[in-house]
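The structure appears below as structure tokens.
The values are calculated or read from the model by the stated rules, or taken from the named source; none is laboratory data. Being a predicted model, the structure only gives us computed values, none of them experimental. Here the Cβ positions follow ideal geometry from the backbone for every residue, glycine too, while neighbour counts run over all protein chains shown.
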Amino acid sequence: MEKKTLFDKIWDAHVVRSVPGGPDVFFIDKHFIHEVTSPVAFLNLEKRGVGVLYPERTIATPDHNVPTVDQDKTIKDKLSRMQVERLRENCEKHNIELHDLGSAHHGIVHVIGPELGVTQPGMTIVCGDSHTSTHGAFGAIAFGIGTSEVEMVFATQCIMQTKAKKMRITVDGELGNGVTSKDIILYIIAKISAAGATGYFVEYAGSAITSLSMEARMTICNMSIEMGARGGLIAPDETTFNYLKGKQYAPKGEDWDKAVAHWKTLKTDDGAVFDKEYHFDGNDIEPMITYGTNPGMGIKVRGFIPTTEGMEGSNKSSYLKSLDYMGFAPGEAIKGKKVDFVFVGSCTNGRIEDIRSVAAFVKGKHKADNITAWIVPGSREVEKMAHEEGLVKILEDAGFELRQPGCSACLAMNDDKIPSGKYAVSTSNRNFEGRQGPGARTLLASPLTVAAVAVTGEISDPRDVF
Amino acid sequence: MAYDKFNILKSTVVPLSSENVDTDQIIPARFLKATEREGFGDNLFRDWRYDVEGNPKKDFVLNDPTYSGKILLAGKNFGSGSSREHAVWALYDYGFRCVVSSFFADIFKNNCLNIGVLPVTISPEFAEVLFKAVEENPKTEVEIDIDQQTITLLSTGQQESFDINSYKKENMKNGFDDIDYLLNIKDEIITFTEQKV
Ligand code: SF4
């Protein structure tokens with residue numbers, strides 16, 4: 001029998017037809033939408049006079065531009081308010097389940113999908129957002145799409161896609177103290193570059209991956225897009241099943257047993273061939289941080305910013321432009337640099353485990369005076385747990401400011417902006433110019449490293465801070 | 001939405017050699033608050049084009065009257081990051097019909113093809129030839145022939161062919177988008193869903 005990868009198995013089961021000389025008509029099981037990339041899709045749908053084919057397959061939440069304070073009040077910013085209101089109207093009109101601001105399951109779309117148990121192994125999942133790759137942690141094919149495709153999913157529950165090439169990244173070995181899944185992915189991207197997986201769908205494997213919790217796996221799959229990959233996925237296992245069991249939308253009773261039996265078949269066959277393979281040793285990975293303006297520009301926290309040796313032409317000029325924006329020089333140590341803000345949140349590291357790890361680290365300590373520290377839970381559920389577990393108290397005692405759920409400073413569409421020229425060490429996923437506000441300088445790191453930075457006021461290795 | 005048909009495009013070129021230009025640069029997040037697809041061209045490359053007071057930055061290529069045209073010649077790994085289709089709307093709205101680069105990010109490329117901006121992938125060597133030619137003579141013209149799948153530097157005749165699948169090619173030539181295709185096979189999709197689920 002033909003040996004298939006996990007990706008092949010899920011993909012092939014969702015092809016309605018293949019267009020000769022063209023893409024596949026690809027069926028979508030679940031569609032997440034938010035306020036920013038959906039309004040034009042709804043508008044065009046109406047212009048065509050077409051309805052939503054399977055509204056029960058779409059779930060909505062406003063997350064990108066919502067304020068993270070006073071969520072019970074009317075949104076002050078007029079344009080944001082209009083987008084959120086438009087989402088409400090559209091969901092109502094087309095019968096789409098909406099987890100609105102203030103409701104029990106409001107939050108960042110990639111945080112609430114798994115939390116509700118909507119995300120399940122073997123599914124195809126899309127959203128007008130590139131970090132849809134997060135859901136791949138459950139052994140699903142999940143990726144971001146453009147607004148035209150959002151419209152296609154509304155109208156036909158399908159999009160037209162060419163099957164990506166297949167890559168496997170195996171990380172074996174054990175992670176050292178202070179090393180988290182965020183460090184694994186920052187390490188991988190630094191190794192293969194911000195464009196290194198373009199055209200591929202990545203399967204993560206190996207003992208350093210399978211030993212991770214679901215939350216930690218999501219962090220890895222989330223950032224697949226930052227190396228150019230269409231998406232990333234991890235074969236489902238007991239950790240996956242245990243996470244899903246009892247969740248609101250997870251199958252129940254007999255259906256559950258049937259589902260698990262099927263999910264257990266979702267793995268790459270021995271001998272299946274990938275177009276590209278990488279192997280890394282988990283023992284080599286240390287706490288990581290970025291110093292430049294794309295997520296591939298990462299080094300060990302204890303490391304040095306690369307020199308321009310061996311670079312030339314536009315490669316070199318782009319590199320220097322990036323360092324210039326960051327206010328860094330080639331060859332410098334990154335440790336000890338002064339920082340102004342820390343941001344814990346986003347669909348990369350805004351889950352309960354992340355908040356627990358920050359709280360455990362800062363317990364009994366206080367943030368440095370020069371630091372403004374924001375914690376933005378990924379969802380209401382996370383916020384609620386953080387309160388119940390006493391984490392909020394610990395964090396507030398340490399001088400952190402807790403905000404309400406949303407994307408917040410990850411993309412700074414709301415008021416949570418880092419001022420121009422200031423340095424922020426963030427648990428989010430993008431350090432692009434202006435990503436956290438015009439002129440803002442972003443360094444990406446794990447929640448633990450961010451906690452260490454908050455306490456010391458400068459770039460620090462969490463292993464050095466006690 | 002349907003777009004203008006794409007056939008042979010002969011135009012001068014706007015060169016932007018920076019590498020890894022992400023969609024946050026093409027259109028920053030704070031300009032994504034519209035609920036309609038209009039006016040994005042004004043904010044194309046907003047923070048590279050204007051300073052905080054809104055004054056044009058002289059050294060940015062879109063503010064340099066020497067360069068104009070319907071073709072954007074871009075550096076390696078163009079369009080990475082966010083999946084926002086608004087980035088392509090902004091390019092189209094500004095007047096670009098074609099982006100040429102030695103390397104495109106995936107989702108960006110898809111988005112381009114869906115709304116009628118042709119992404120043309122060329123070799124790094126030919127990219128260098130084009131950048132040099134435009135630098136030496138900003139009025140130099142490039143011809144993109146979608147039917148023949150060729151891109152030609154008209155001043156020297158240097159040419160390369162590029163890839164595009166036949167389905168997308170027909171779409172571009174006719175101004176069709178995927179949704180027309182999908183709506184035509186809706187019954188087949190419904191049958192598939194019923195049998196699969
Ligand atoms: S948290 Fe950031 S990366 Fe995640 S969906 Fe929101 S804006 Fe995108």
Where residue B:18 falls short, out of the listed (1) farther than 29 Å from residue B:133 by Cα; (2) within 7 Å of another protein chain (Cβ to nearest Cβ); (3) more than 16 Å from the ligand (Cβ to nearest atom): (1)
Can you tell me which residues in the range A:241-261 are surrounded by fewer than 13 Cβ atoms within 10 Å (Cβ to Cβ) and either in contact (Cβ under 8 Å) with a residue 60 or more places away in the chain or within 25 Å of the chain's Cα centre (by Cα) (or both)? A:242, A:246, A:248
For residues that are within 14 Å of residue A:432 (Cα to Cα) and not in a helix (DSSP H, G or I), tally how many sit in the range A:295-324. 4
Output the residues belonging to the range A:117-163 that are of a type in the set (Asp, Glu) and away from the ligand (no atom under 16 Å from the Cβ). A:149, A:151
Residue B:33 fails exactly one of the following numbered conditions: (1) modelled with pLDDT of 95 or more; (2) within 16 Å of the ligand (Cβ to nearest atom); (3) within 10 Å of chain A (Cβ to nearest Cβ). What is the number of that condition? (1)
Please indicate, with yes or no, whether at least one residue in the range A:223-232 is touching a helix residue (DSSP H, G or I) at 6+ places or on another chain (Cβ under 8 Å) and away from chain B (no Cβ under 14 Å). no
Spot the failing condition for residue A:434; the list is (1) away from the ligand (no atom under 16 Å from the Cβ); (2) of a type in the set (Gly, Ala, Ser); (3) assigned to a loop (DSSP other than H, G, I, E, B), and only one is missed. (1)
Identify all residues within the range B:37-93 that are touching a helix residue (DSSP H, G or I) at 6+ places or on another chain (Cβ under 7 Å) and among the β-branched types (Val, Ile, Thr); write none if there are none. B:88
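Okay, residues lined up against (1) away from chain B (no Cβ under 14 Å); (2) closer than 25 Å to residue A:185 by Cα; (3) within 16 Å of the ligand (Cβ to nearest atom):
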{"site": "A:380", "(1), (2), (3)": "yes, no, yes"}
{"site": "A:383", "(1), (2), (3)": "yes, no, yes"}
{"site": "A:388", "(1), (2), (3)": "yes, no, no"}
{"site": "A:397", "(1), (2), (3)": "yes, no, no"}
{"site": "A:405", "(1), (2), (3)": "yes, yes, yes"}
{"site": "A:410", "(1), (2), (3)": "no, yes, yes"}
{"site": "A:419", "(1), (2), (3)": "no, no, no"}
{"site": "A:449", "(1), (2), (3)": "yes, yes, no"}
Checking residue A:440 against (1) within 15 Å of the ligand (Cβ to nearest atom); (2) more than 12 Å from chain B (Cβ to nearest Cβ); (3) within 23 Å of residue A:327 (Cα to Cα): exactly one of these is not met. Which one? (2)
Hey, among A:62, A:39, which residue is within 14 Å of chain B (Cβ to nearest Cβ) and within 26 Å of residue A:137 (Cβ to Cβ)? A:62
Pull up the range B:88-126, narrow it to residues that are among the aliphatic types (A, V, I, L, M) and at the interface with another protein chain (Cβ under 9 Å from one of its Cβ atoms), then point me to the one that is surrounded by the most Cβ atoms within 10 Å (Cβ to Cβ). B:88
Leading residue by the ranking (nearest to the ligand (Cβ to nearest atom)) among those in the range A:65-84 that are facing another protein chain (nearest Cβ under 8 Å) and crowded, with 23+ Cβ neighbours inside 10 Å: A:65
Within the range A:338-381, how many residues turn out to be assigned to a loop (DSSP other than H, G, I, E, B), among the aliphatic types (A, V, I, L, M) and either surrounded by 21 or more Cβ atoms within 10 Å (Cβ to Cβ) or within 18 Å of the chain's Cα centre (by Cα) (or both)? 3
